[in-house]
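The values are calculated or read from the model by the stated rules, or taken from the named source; none is laboratory data. In this text, all values refer to a predicted model and were calculated from it rather than measured experimentally. Reconstructed Cβ throughout: ideal geometry from the backbone, glycine too, with neighbour counts over all protein chains shown. Please note that ligands, DNA and RNA were not included when accessible areas were found on the heavy atoms of the full protein model with its side chains. Shrake-Rupley method; radii C 1.70, N 1.55, O 1.52, S 1.80 Å.
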Amino acid sequence: MEQALYVYNTLTRRKEVFKPLNEGHVGMYVCGPTVYGDAHLGHARPAITFDIVFRYLMHIGYKVRYVRNITDVGHLEHDADEGEDKIAKKARLEQLEPMEVAQYYTNRYHDAMDALGCLRPSIEPHATGHIMEQIDLVDEILNNGFAYESNGSIYFDVESYNKKHKYGILSGRSLENVKDASRELAGVGEKRNQADFALWKAAQPEHIMRWKSPWSVGFPGWHCECTAMGRKYLGNHFDIHGGGMDLVFPHHECEIAQAVASQGDEMVKYWIHNNMITINGQKMGKSLGNFITLPEFFSGKHPQLEQAYSPMTIRFFILQAHYRSTVDFSNDALKAAEKGLERLMDAWKLLGTLQPVAGGTVKLQTVEEIRQHCYDAMYDDFNTPIVISNLFEACRLINSIADKKETIDADALEAMKQLFSVFVFEILGLKETSAGGENKEREEAYGKVVDMLLEQRMKAKQNKDWATSDQIRDQLAALGFEVKDTKDGYSWKLNK
Ligand code: ZN
């Protein structure tokens with residue numbers, strides 16, 4: 001760890017030298033998904049951004065405890081809403097238990113993130129498993145005089161907090177701004193001030209996910225879980241708290257207020273936020289018809305997609321932009337990323353075929369310079385696009401060696417292989433297999449064969465030929481295919 005790592009801290013609005021609170025150890029908390037629907041690009045970007053941070057911190061020698069929560073408490077669409085929560089609504093529509101909905105989408109989230117090459121966090125706490133910790137947090141804030149009860153709900157008293165501490169330090173909003181911005185929201189009734197936010201909500205009769213508390217049967221406010229679980233697993237003070245920029249206000253601003261109101265000081269040293277993703281220049285939104293889920297990207301099944309895009313293409317595309325820049329998705333941009341990734345992977349394959357030449361024109365020093373540029377970029381706030389452009393420079397050299405325009409000596413060849421295995425695979429987390437192109441076609445062909453077999457199995461079942469039906473399922477299982485019977489037929493996946 002000789003070179004200094006610079007990270008941009010949203011709180012101080014500048015790049016700072018990263019110094020963890022406990023030498024050699026890093027605690028990192030990242031806000032995870034709300035599990036009532038499939039993950040989309042808005043989930044892919046923070047997952048990949050903090051996967052890079054996680055991988056790089058480990059690469060430079062830190063022990064990292066990476067905590068990412070699962071939001072499975074049913075929250076309302078808006079703070080001002082009454083009644084049914086999002087998970088319960090989905091459960092009612094699909095005739096499932098709310099926990100069944102949460103588990104189903106948690107599993108699908110894991111599948112999508114695994115496909116994207118994101119390492120699993122060290123701890124993945126569920127909000128529903130930490131209701132006691134959240135009640136304790138609310139209790140502390142109440143006891144310290146920064147919250148009040150209203151009809152069984154507890155609200156954070158932003159005005160009394162702002163008299164002692166400063167509300168809005170992360171987002172740069174003043175209390176007056178916040179009041180103005182939330183004026184339009186109806187249902188202020190229970191709150192003393194429009195800017196106040198719920199720490200605990202008394203449940204309406206139709207709210208299924210509910211717990212007992214000293215104040216009412218209800219459920220915790222959304223901001224509580226991250227403060228309570230971050231503190232439980234990383235301590236009163238920890239290094240990094242991350243998430244998408246859309247979480248800066250109100251979520252992270254409220255988390256800071258909750259931490260200070262309960263323990264007297266801020267928990268987090270570095271706040272890191274990734275920028276947002278647009279699709280063809282527009283914000284993603286269900287009403288805009290451009291809300292594309294990750295499984296839809298991977299299968300190409302969405303009217304706005306011209307083809308399927310492999311998870312690695314999506315990952316590579318996201319890494320081609322710095323995490324603090326916006327990224328605009330379009331078919332053209334994704335196809336360009338697919339080509340870029342292929343170029344990188346083709347060079348890696350070529351590299352395995354090159355023979356060293358004594359006194360070759362490409363020397364160790366040239367490769368070491370490229371490697372140092374890659375490190376400089378990563379040490380400078382995880383600048384992956386600069387890393388990629390340096391790797392493309394390495395590709396250019398590899399291609400000209402393969403074309404016999406240049407030669408490479410043994411040391412340089414070995415260093416080149418190291419460069420790829422460290423930066424392409426370990427740090428950027430790219431995988432060789434799902435690079436698209438030929439592999440994708442082969443995978444699609446395999447998929448069609450599995451479908452053919454399962455159609456045969458459906459016919460066997462219709463004919464009550466259970467022996468054949470079971471045989472097909474068991475033989476597929478032996479090959480690693482997990483087959484499930486569903487209402488409309490079957491589903492399958494390959495367990496890798
Ligand atoms: Zn959070």
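Points to keep in mind about this one:
- Residue-normalised accessible area of the chain, given per residue in Å² at a 1.4 Å probe: 47
- For the chain, the longest principal axis of the Cα atoms and the long axis of helix 98-115 meet at an angle of about 30 degrees.
- The chain - share of DSSP beta bridges that are antiparallel (%, nearest 5): 55
- Cα radius of gyration and Dmax for the range 225-300 (Å): 16.6, 50
- Dipole size of the range 147-265 about its Cα centre, with +1 on Lys/Arg Cβ and -1 on Asp/Glu Cβ: approximately 260 debye, rounded to the nearest 20.
- Spacing of the two label points (7 Å from each Cα toward its C-beta) at R396 and K349, in nm: 2.3
- Per the Debye calculation on the range 7-61 with a single equal scatterer at every Cα and no solvent contribution, log₁₀ I(q)/I(0) for q = 0.13, 0.18, 0.22 Å⁻¹ amounts to -0.45, -0.78, -1.02.
- If you plug the beta carbon distance of S171 and E443 into 1/(1 + (r/R0)^6) with R0 = 45 Å, you get a FRET efficiency near 0.55.
- Long pairs among K179/K283; K349/K404; K461/K487, criterion Cα-Cα beyond 21 Å: K179/K283
- Cα-based helix-to-principal-axis angle, 410-419 vs the chain, degrees rounded to 10: 30
- Working from the Cα coordinates of the range 282-399, the gyration tensor eigenvalues give, after taking √(5λ), semi-axes of 34, 18, 8 Å in decreasing order.
- The chain - percent of accessible surface contributed by carbon and sulfur, probe 1.4 Å: 50
- Across the chain, the relative contact order, built from alpha-carbon pairs under 8 Å that are at least six residues apart, equals 15 percent.
- Selected from T227, S171, N69, residue furthest toward positive end of dipole (the chain; charges at beta carbon): N69
- The residue list G264, G359, N193 was ranked by how far each Cα lies along the charge dipole of the chain toward its positive end, using unit charges on Cβ atoms, and G359 comes out on top.
- Solvent-free Debye calculation, one equal scatterer per alpha-carbon of the chain: log10 I(q)/I(0) at 0.08, 0.09, 0.10, 0.12 Å⁻¹ equals -0.59, -0.73, -0.88, -1.17.
- Multiplying the residue separation of Y104 and K431 by 0.36 nm and removing their Cα-Cα distance gives an extension gain of 115.1 nm.
- Peptides 165-174, 458-467, 308-317 ranked from most to least packed by the mean count of surrounding Cβ atoms within 10 Å: 308-317, 165-174, 458-467.
- Of K417/K493; K301/K484; K301/K335; K335/K363; K86/K493, those spanning more than 24 Å from alpha-carbon to alpha-carbon: K417/K493; K335/K363; K86/K493
- Given charges at beta-carbon only (K, R positive; D, E negative), |dipole| of the chain in Debye: 320
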